[in-house]
Amino acid sequence: MEYTDLNGFTCRLSFKKDTFQAESRHVLVIAKFKGKWLLTEHRERGLEFPGGKTEAGESLAEAAKREVYEETGGVIEELEWFAEYLVHSEPPFSKTVFTGTVTAVDEIDLMETKGAVLAEDLNVDSNFSFLMKDKGMKTIIERVKLDGKWED
């Protein structure tokens, strides 16, 4: 699927592994804790899923777990590859989307965020980051819900 993000960049989204030639070094994690969506409140952007960049020598899965912990205190289990997207910015970059289940949320010192926010649903409004509002993210959220993995 191709779309234009809210920064004006052309993006391609795929639910098939290794679609893009660009090596992914960015992660985004869609997770639930006790049946609720785990978000983080970024100090400037608002509510969003945790994510970020890999560090030297770190796998994408390791980065995903670390970013969730650093941004929310969430301890993630059952991490699964879900999607990837390519952003045609300068330079272009690829981001890998994971899903996971959080088993605990520790109280930790936070730098970039205000910590974990648990949401019953994902009615994206003005409290949410612009990153949660483009066509790609809406498609990812719809697909996660259709997956039925977290049905009660």
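The values are calculated or read from the model by the stated rules, or taken from the named source; none is laboratory data. Bear in mind the structure is a predicted one, so any value in this text is a computation, not a measurement. Positions of Cβ are generated from backbone atoms using ideal geometry, with glycine treated the same way; all protein chains shown enter the neighbour counts. Surface accessibility is based on the protein's heavy atoms, side chains included, excluding ligands, DNA and RNA. Shrake-Rupley method; radii C 1.70, N 1.55, O 1.52, S 1.80 Å.
For Thr113, which of the numbered conditions (1) modelled with pLDDT of 95 or more; (2) under 15 Å from the mean Cα position of the chain (by Cα) fails to hold?
Condition (1) is where Thr113 drops out.
Please count how many residues of region 94-114 are surrounded by fewer than 17 Cβ atoms within 10 Å (Cβ to Cβ) and in contact with a strand residue (DSSP E or B) (Cβ under 7 Å, 6 or more places away or on another chain).
Final tally of qualifying residues: 5.
Which count do you get for residues in region 87-109 that are in contact with a Leu (Cβ under 8 Å, 6 or more places away or on another chain), under 17 Å from Lys53 (Cα atoms) and assigned to a strand (DSSP E or B)?
Qualifying residue count for the region: 7.
Output the residues belonging to region 23-73 that are closer than 21 Å to Val87 by Cβ and basic (Lys, Arg).
Arg25, Arg45, Lys53
Given the structure, is Lys32 closer than 26 Å to Gly148 by Cα and either open to solvent by less than 30 Å² (accessible area, probe 1.4 Å) or under 15 Å from the mean Cα position of the chain (by Cα) (or both)?
Yes, satisfied.
Which pairs turn up if I take residues in region 88-109 that are touching a residue at least 40 places away in the same chain (Cβ under 8 Å) and within 21 Å of Arg143 (Cβ to Cβ) and look for partners that are aromatic (Phe, Trp, Tyr) and open to solvent by 50 Å² or more (accessible area, probe 1.4 Å) with beta carbon separation below 7 Å, at least 6 apart in sequence or on another chain?
From residues that are touching a residue at least 40 places away in the same chain (Cβ under 8 Å) and within 21 Å of Arg143 (Cβ to Cβ), the pairs are Thr96/Trp81; Phe98/Trp81.
Quickly run through region 35-64 and pick out the residues that are part of a helix (DSSP H, G or I) and under 11 Å from the mean Cα position of the chain (by Cα).
Matches in region 35-64: Ala64 only.
Which one of the conditions (1) more than 22 Å from Met111 (Cβ to Cβ); (2) open to solvent by 40 Å² or more (accessible area, probe 1.4 Å) does Leu86 fail to meet, given that it meets all the rest?
Condition (2) is where Leu86 drops out.
Identify, please: which residue in region 66-82 is surrounded by 22 or more Cβ atoms within 10 Å (Cβ to Cβ) and either closer than 18 Å to Thr4 by Cβ or among the charged types (D, E, K, R) (or both) and is, among those, farthest from the chain's Cα centre (by Cα)?
Glu71
Pick from region 11-24 the residues that are in a loop (DSSP other than H, G, I, E, B) and touching a strand residue (DSSP E or B) at 6+ places or on another chain (Cβ under 6 Å): which of them is nearest to Leu110 (Cα to Cα)?
Checked region 11-24; the qualifying residue nearest to Leu110 (Cα to Cα) is Ser24.
So which of Glu23, Glu62 ends up being among the acidic types (Asp, Glu), open to solvent by 20 Å² or more (accessible area, probe 1.4 Å), more than 21 Å from Phe130 (Cβ to Cβ) and at pLDDT 95 or above?
Glu62
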